[in-house]
Amino acid sequence: MLRTHTCGELRLQHVGQQVILCGWVDTYRDHKGVLFVDLRDRYGKTQIVFSCDTGEELHQLARSLRPEYVIRVTGVVERRPEGTENPKLATGEIEVRAEKCEILNRAVTPPFLPGAPDLPGEEIRLRYRYLDLRRPVMQQILMLRHRMVKIMRDYFDELGFIEVETPMLGRSTPEGARDYLVPSRIQKGTFYALPQSPQLYKQILMVAGYDRYVQIARCFRDEDLRADRQPEFTQLDLEMSFVDANDVMTVVEGLMARLFKEILGKELRLPLPRMTYDEAMERFGHDAPDLRFGMELTDITDIARECDFRVFREAAETGQRVRGLVVPGGATRYSRKHIDEMTEWVKQDFGAKGLVWFRVEEGHVLNSTVAKNFSESHLKAIAEKMKACPGDLLLFVADTFDVTCKALYGLRKRFGAELRLYDPREMHLSWIVEFPMFAIDQEDGGWTAMHHPFTSPRPQDREFLKSDPARCRAQAYDLVLNGTEVGGGTIRIHNPELQQEVFEILGIDEARAKDRFGFLLEALQYGAPPHGGIALGVDRLVAIFAGVDSIRDCIAFPKTQRAVDLMTGAPSEVDPKQLKELGIKIEK
């Protein structure tokens, strides 16, 4: 080894020892001829001292050092003089008096310094990702990710799960997001698809008798990106045989308890709270509600139906909903200008027709530009139902159930952050269960799978499959952490006849089903056990545990929102010879 210790290792017990350190020059200071260099590696920093009595040659070499030079230093560990200790560093009580220094590699002036407090824009960070990854905070996040993944593997190993790698090159089954396609050179005109998930393969493994499967799986989806999406991502994927939904959720709860204890030092109370999908949409307007604070939605459609305010009454009479929320202290916090800005926001972002507002004054009087359209009894009924207090701001949306959910959820999320209604360090986990089996396809008006087409309905809802699919509830469950879905799973269909029924509802005829899922349908005929599983988003979990907003900060080499790798320049054009070998012609 070129070094005897790392830059974060030395302590008072090493005083008097001769050591060899390697690392990057972090900072450089000249104090009246005595040169101080903070040497950095991923383990920490150590202060190196080049004193005047170390010889002219060494002193001159030390003066030539610049930020991000890679050097090797030999010296003796000494205790720092009293009053010069640095309590912010683990090595802050010692320093190394240099006896020898070797420049292993010089560095040109970097576009930004990894140790600088001010960061450049994200594009610069991604373009020079190797510099960004030298930042201690980035190294800590990737080490946190390593620890979390190791805990996951150890936990499932203890429970008898085996990790099985599933193929990266598979068949395109475009029933979810858009596939990434890989052309075959040997079978020209045919394509592999990169896996959106190992879903079909892990079900095959259950048929094959591997009753406890787990995998840290790479997945790929060619979809529009945002801060919490990447074209390639990592998920913890697991599947179990001879289980019901409670069994799968209990196993996952044990994993989360282990992560909470070993990573955060917190005890997680089990079992986790559960809420049905219908309840979540009614109370919070979203299927992944942040339960760290209240501000629940309230329905006043019954009052709206009786009042003289045309916007409310017509919405109620046409089967729409009038719902609202209470902004505590919002009457004085938010001016009319703020309310107008919020009104435009819910119109543009959520498709709402507008916002109706009331300020709650002393005596629970509701004041608004539209208050004259309500009788005193109706205003009193609204105040009582909303449980309004003087100083509160009431906001209402009158529209379809879907629009009221989206608009009020957006407002609730915004107010939760702006008014600091929760401790950002707090962690709240819960389950959302009993999702609808199907949703209306907005393009063709038919049915589409709420999760995926292999999800099993609740036994008590099986009778509604053909007569009333909208009433069917799935054996599905999502894990929600701080208002973010971090995992989703279902009990799968293991009966070929039931699977065909579901395909028919989804408009997938027998020929199409055989073409796309024939190998799975065939496997189900050979003694498939009841089985189910779940997938947890590793990137999102790490981001939340690390306290960062974007999953790009917890992935070593992420893509931009345009799916571009700024460091390598991918995607890029390829040599025409490669295209000819694949039998592909590019149309521009």
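Figures for the structure shown
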{"quantity": "With DNA, RNA and ligands ignored, accessible area of PHE260 (1.4 Å probe; Å², nearest 10)", "calculated": "10 Å²"}
{"quantity": "Electrostatic dipole magnitude of the range 116-163 [Cβ: Lys, Arg +1; Asp, Glu -1; Cα centre; debye, to 20]", "calculated": "240 debye"}
{"quantity": "Amide H contacts of GLY487 (H built 1.01 Å from N, under 5 Å, at least 5 apart or other chain)", "calculated": "LEU479, GLY537"}
{"quantity": "Exposure rank, largest accessible area first [ARG313, ARG552, ARG178; 1.4 Å]", "calculated": "ARG178, ARG313, ARG552"}
{"quantity": "Phi to ³J(HN,Hα) by Karplus 6.51 cos²θ - 1.76 cosθ + 1.60 over the range 535-543, Hz, x for Gly, Pro", "calculated": "10, 10, x, 5, 4, 5, 4, 4, 4"}
{"quantity": "Exposure rank, largest accessible area first [MET450, MET281; 1.4 Å]", "calculated": "MET450, MET281"}
{"quantity": "The range 236-242 - phi-based ³J(HN,Hα) in whole Hz, Karplus 6.51/-1.76/1.60, Gly and Pro as x", "calculated": "8, 10, 9, 8, 9, 9, 6"}
{"quantity": "Accessible carbon and sulfur surface of the range 230-354 relative to its total accessible area, %, 1.4 Å", "calculated": "47 percent"}
{"quantity": "Accessible surface of the range 34-177 [probe 1.4 Å, protein heavy atoms]: carbon and sulfur percent", "calculated": "50 percent"}
{"quantity": "C-alpha center-to-center spacing [the range 368-441, the range 270-310] in angstrom", "calculated": "7 Å"}
{"quantity": "GLU361 - accessible surface, heavy atoms, 1.4 Å probe, Å² rounded to 10", "calculated": "80 Å²"}
{"quantity": "Cα-based shape type of the range 41-111, given that a ≥ b ≥ c are square roots of the gyration tensor eigenvalues and the cut on a/c is 1.5", "calculated": "oblate"}
{"quantity": "Charge-dipole axis of the chain as Lys and Arg at +1 and Asp and Glu at -1 on Cβ define it, positive-most pick from PRO424, ALA398, GLY527", "calculated": "PRO424"}
{"quantity": "Shape of the range 198-278, Cα gyration tensor, a/c cut at 1.5", "calculated": "oblate"}
{"quantity": "Computed over the range 333-391: relative contact order in percent, which uses C-alpha pairs under 8 Å that are six or more apart", "calculated": "28 percent"}
{"quantity": "Dipole magnitude of the chain, debye to nearest 20 (Cβ charges: Lys/Arg +1, Asp/Glu -1, about Cα centre)", "calculated": "1500 debye"}
{"quantity": "Rel. contact order, % - alpha carbon contacts under 8 angstrom, at least six apart, the range 125-242", "calculated": "21 percent"}
{"quantity": "The range 420-485 - percent of accessible surface contributed by carbon and sulfur, probe 1.4 Å", "calculated": "43 percent"}
{"quantity": "The chain shape via C-alpha gyration tensor axes, a/c threshold 1.5", "calculated": "oblate"}
{"quantity": "Accessible area (Å², per residue) of the chain, counting only protein heavy atoms and a probe of 1.4 Å", "calculated": "51 Å²"}
{"quantity": "Unit charges on C-beta of K, R, D, E only; dipole of the range 500-584, Debye", "calculated": "260 debye"}
{"quantity": "TYR210 accessible area, 1.4 Å probe, all protein chains in place, Å² to nearest 10", "calculated": "110 Å²"}
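The values are calculated or read from the model by the stated rules, or taken from the named source; none is laboratory data. What you are looking at is a predicted structure, and each value in this text was computed from that prediction instead of being measured. Positions of Cβ are backbone-derived with ideal geometry, glycine not excepted, and every protein chain shown enters the neighbour counts. Ligands, DNA and RNA are stripped out before the accessible areas are found, and what is left, the full protein with its side chains, is counted by its heavy atoms. Shrake-Rupley method; radii C 1.70, N 1.55, O 1.52, S 1.80 Å.
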